[in-house]
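J.: This is the structure, below, for whatever I ask next.
The values are calculated or read from the model by the stated rules, or taken from the named source; none is laboratory data. Quantities reported herein were computed from a predicted structural model and do not represent experimental measurements. We place every Cβ from the backbone using ideal geometry, glycine too, and count neighbours over all the protein chains shown.
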Amino acid sequence: MWLVWLLSMVGLGVVFYVVLSLGAKSTIIQQLLRRKQTLARAQASNITSFFQVFGESVALRAQLRSMDRRDASTVDDLEAFVDQWDDSGLVAGVALTDTRGVVKLNANVLKKPDIGASLADRDYFVWAKSQQKEGEYFVGQPVISRVGGTKGQVIVPVVSPVYRNGVFLGAVISSVKLQPLIQRYLELIKVTDATEVHLLAKNGDILFDNIISDNIGTKMVNDLEADAVTRILNTTGEGTLKTKKYLIAIAPVTLSDQHWAIVMSTPVQTVVSMTTPVYLRQLAIFLLVSFNTLLVGIIATRGNQKRL
């Protein structure tokens, strides 16, 4: 009789294990996705806010009357801009171009003027030249810097046109160093050790990858399933995805006509590893209680038999 009861308890334990494992996995997946979404949304907002403040600062500098005088006072104002943003560690310089996009004046953290480079083919200068008034700013696509203290580094340029009486005189151009910017906002938001944090450009290029720096400039399709990448790049708002291999949270970052996406991906296998200790512990407790109950029952039964 007690053997039948023992087998019944083991069977119930197996059922309990299966039901609990499925429930625990589903719950942890939802909790993890919500947490990832919250973090991605917050950092997307922080990056957007930073560029808004920085862009307005560049636009204000472009409206100074010294920008069309192009004398010692112009250099002083450009150097003051660099000093203003020096503590951030993200801005290395600022330049003033002529109407053809040639750098005429420059101030940078190296304290070494770097002039003469042409920026006429850059998207941000083309935008500046097409504007009809001052006071606006534009965030360009990430490029390799040609001038100043960021030469050779990947930067995100920010430009504002210089206009006087409706006449285009050039542009004030500064930039944000991409790598330290993204490290500041994205490096520490991993929800597990296996979580990968990416910043994607609209064309699918990886702008930042917290796992392998060599991935910069490659396609996200190398890391996630192609269908997931397609859905990420077509997402107009924030959201979450669950693929066969990954749990993914997405938050858009829109800067002028730059459309980036913060993508946090965690392997599904990590969730399985997280849930296994939970339901194994619960199963062990269930079986321990069952065996103890059985043992007490057997002892009580034998005691009654002896008295009889």
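J.: Return only the number of the condition from (1) more than 19 Å from V253 (Cβ to Cβ); (2) modelled with pLDDT of 95 or more that V159 does not satisfy.
T.: (1)
J.: Looking at segment 48-58, is at least one residue within 20 Å of V147 (Cβ to Cβ), part of a helix (DSSP H, G or I) and touching a Phe, Trp or Tyr at 6+ places or on another chain (Cβ under 6 Å)?
T.: Yes: segment 48-58 contains one or more residues that are within 20 Å of V147 (Cβ to Cβ), part of a helix (DSSP H, G or I) and touching a Phe, Trp or Tyr at 6+ places or on another chain (Cβ under 6 Å).
J.: May I ask you to say which residue of G148, G152 is surrounded by 20 or more Cβ atoms within 10 Å (Cβ to Cβ) and at pLDDT below 85?
T.: Every option except G148 fails the conditions.
J.: Something else now. Filtering segment 52-68 down to residues that are buried (at least 21 other Cβ atoms within 10 Å of the Cβ) and of a type in the set (A, V, I, L, M, F, W, C), which residue is farthest from A249 (Cα to Cα)?
T.: Only one residue fits best here, namely M67.
J.: While we're looking at this one, here's another question. Which residues, taken from segment 62-94, are over 26 Å from Y185 (Cα atoms) and in contact (Cβ under 8 Å) with a residue 24 or more places away in the chain?
T.: Selection gives A62, Q63, M67, D68, R70, T74, V75, L78, E79.
J.: Shifting gears a bit: Is it the case, given these coordinates, that S118 is in contact with a helix residue (DSSP H, G or I) (Cβ under 8 Å, 6 or more places away or on another chain), among the polar types (S, T, N, Q) and either without any contact (Cβ under 8 Å) to a residue 24 or more places away in the chain or farther than 19 Å from K202 by Cβ (or both)?
T.: For S118, the condition - in contact with a helix residue (DSSP H, G or I) (Cβ under 8 Å, 6 or more places away or on another chain), among the polar types (S, T, N, Q) and either without any contact (Cβ under 8 Å) to a residue 24 or more places away in the chain or farther than 19 Å from K202 by Cβ (or both) - is not met.
J.: Out of the residues in segment 87-121 meeting the condition of being of a type in the set (D, E) and under 20 Å from R146 (Cα atoms), tell me which one is nearest to the chain's Cα centre (by Cα).
T.: The qualifying residue nearest to the chain's Cα centre (by Cα) is D121.
J.: Scan segment 118-170 residue by residue and report those that are in a helix (DSSP H, G or I) and either aromatic (F, W, Y) or in contact with a Leu (Cβ under 9 Å, 6 or more places away or on another chain) (or both).
T.: Y124, F125, W127, G148, G149
J.: Look at segment 171-208 and say how many of its residues are part of a strand (DSSP E or B) and either buried (at least 18 other Cβ atoms within 10 Å of the Cβ) or in contact with a helix residue (DSSP H, G or I) (Cβ under 7 Å, 6 or more places away or on another chain) (or both).
T.: Residues that pass the stated criteria total 15.
J.: OK, next. Within segment 87-97, take every residue that is surrounded by 17 or more Cβ atoms within 10 Å (Cβ to Cβ) and farther than 19 Å from Q63 by Cβ and give me the one that is modelled with the lowest pLDDT.
T.: Here the residue is A92.
J.: Follow-up. So R100 clears everything in (1) modelled with pLDDT of 95 or more; (2) in a helix (DSSP H, G or I); (3) not hydrophobic (A, V, I, L, M, F, W, C) except one condition, right? Which one?
T.: (2)
J.: Moving on. So, in segment 61-92, how many residues would count as being within 12 Å of V158 (Cβ to Cβ) and either aliphatic (A, V, I, L, M) or in contact with an Asp or Glu (Cβ under 9 Å, 6 or more places away or on another chain) (or both)?
T.: 4
J.: Does Q132 satisfy the condition of being more than 17 Å from F51 (Cα to Cα) and either crowded, with 20+ Cβ neighbours inside 10 Å or at pLDDT below 90 (or both)?
T.: Taking the combined requirement at face value, the residue satisfies it.
J.: Which numbered condition trips up N46, out of (1) surrounded by fewer than 16 Cβ atoms within 10 Å (Cβ to Cβ); (2) polar (S, T, N, Q); (3) in contact (Cβ under 8 Å) with a residue 40 or more places away in the chain; (4) over 24 Å from Y185 (Cβ atoms)?
T.: Just one mismatch for N46, condition (4).
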